[in-house]
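Computed from the coordinates by the stated procedures, all read-outs in this text should not be read as laboratory data. Only a predicted model underlies this, so the values are computations on that prediction, with no experimental measurement involved. All Cβ positions, glycine included, derive from the backbone under ideal geometry; neighbour counts span all protein chains shown.
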Amino acid sequence: MKTFTLSETFSKAFHDYLNLSKLVILFTISGRGLVSYSDANPISGSQIIFPIEVENKKKRVVNLKNPEYDVQVVSPRNYFTFPLLLASVTCGTVEAPSIVEPIRNIIRKKNMDTRYRKAECFKIDAKNKRIYCRSNKPSNLNGKQKFVVEYDYHVVAMGAHSNTFNIPGVEENYKFLKEVEDAQEIRRSVIDCFEKASLLNLSEEERKRILYFVIVGGEPTSVEFSIELHEFVNEDMGKLNPGVKELVKITLLEARDHILGMFDKRITEFAGKKIQNRGN
């Protein structure tokens, strides 16, 4: 088994091997990772399987042009997401449909036999060249349906789950911002907090507790979300709930002495001052 970079592997797949008996390309989860490459015998006709999840993988599907390819797309979700705008979705600056694109919208435009399967890969048998998948939609008869795809060529782009750093209670009590569903859930929760704080017979301390928002992490997504939340509270929710607007408090927590640690110090200092000057 050889290991290549993602770009090197695709270059080999689509340019060096134009006639493969079966070509399976597997994107199981978003993010960086190793690319696994298996040699195939050059035989006429091709089958390609894509389990894909993220925006930067979309280019690989769009750029497929050889009509000889038989393409199957396998992914646990049926759309691509533009993650850089997730923070804007949390507060309604951008609506969720604006940052997603259905996979079927892409593959139906291809001049080749292309199919999509909503499923996840849970096992790869490299010796027998088989990929084991299961649908994430329960069946009426026997639970989640499983199926096997045979291949000659496959790529695995490995990603990661949200890191809790093994801190007790994080998984159960906190909300993550990684998917469109996360952004929508956060937005609903913020609105619910304002509704609860507006109820009668609540003390001021209780209202302050309900309207205290804590954002953990000083990375770009957290910083952007804190700014979006501040605008949402002051421009939208504050106007709809003027009686509790002044009780809102937003805290951005970072373990280091500055936010945006991957950027130049001048940028981090500027961003930190801008956030502090916003109040709350």
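Using R₀ = 41 Å, calculate the FRET efficiency as 1/(1 + (r/R₀)^6) where r is the Cβ-Cβ separation of F270 and E195; round to 0.05. Don't skip to the answer; put the middle values down first.
Numbers: r = 36 Å, r/R0 = 0.88.
After rounding to 0.05, the efficiency reads 0.70.
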Revision key, fill the gap. Cβ density ranking, 10 Å radius, fewest first, applied to H161, H154, H230 yields H161, H230, H154
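Just to verify a number: FRET efficiency for E206 and N105, C-beta to C-beta distance, R0 = 35 Å, to 0.05? Don't jump to the answer; show the numbers that get you there.
Details: r = 47 Å, r/R0 = 1.35.
Once rounded, the FRET efficiency stands at 0.15.
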Review point. Can you sort S162, S88 by how many other beta carbons sit within 10 Å, fewest first?
Key: S162, S88
Revision key, fill the gap. Least to most buried among F270, F225, by other C-beta atoms within 10 Å and fewest first, runs F270, F225
Check your understanding: Non-local amide H neighbours of I215 (under 5 Å, H modeled in plane, Pro and chain starts lacking H): which ones?
Key -> T251, L252, L253
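When you count, for each residue, the other Cβ atoms within 10 Å and take the mean per peptide, how do 198-211, 174-187 rank with the highest first? Kindly include the intermediate steps, with their values, before the conclusion.
Numbers: 198-211: 13.1, 174-187: 16.2.
Output ranking for 198-211, 174-187: 174-187, 198-211.
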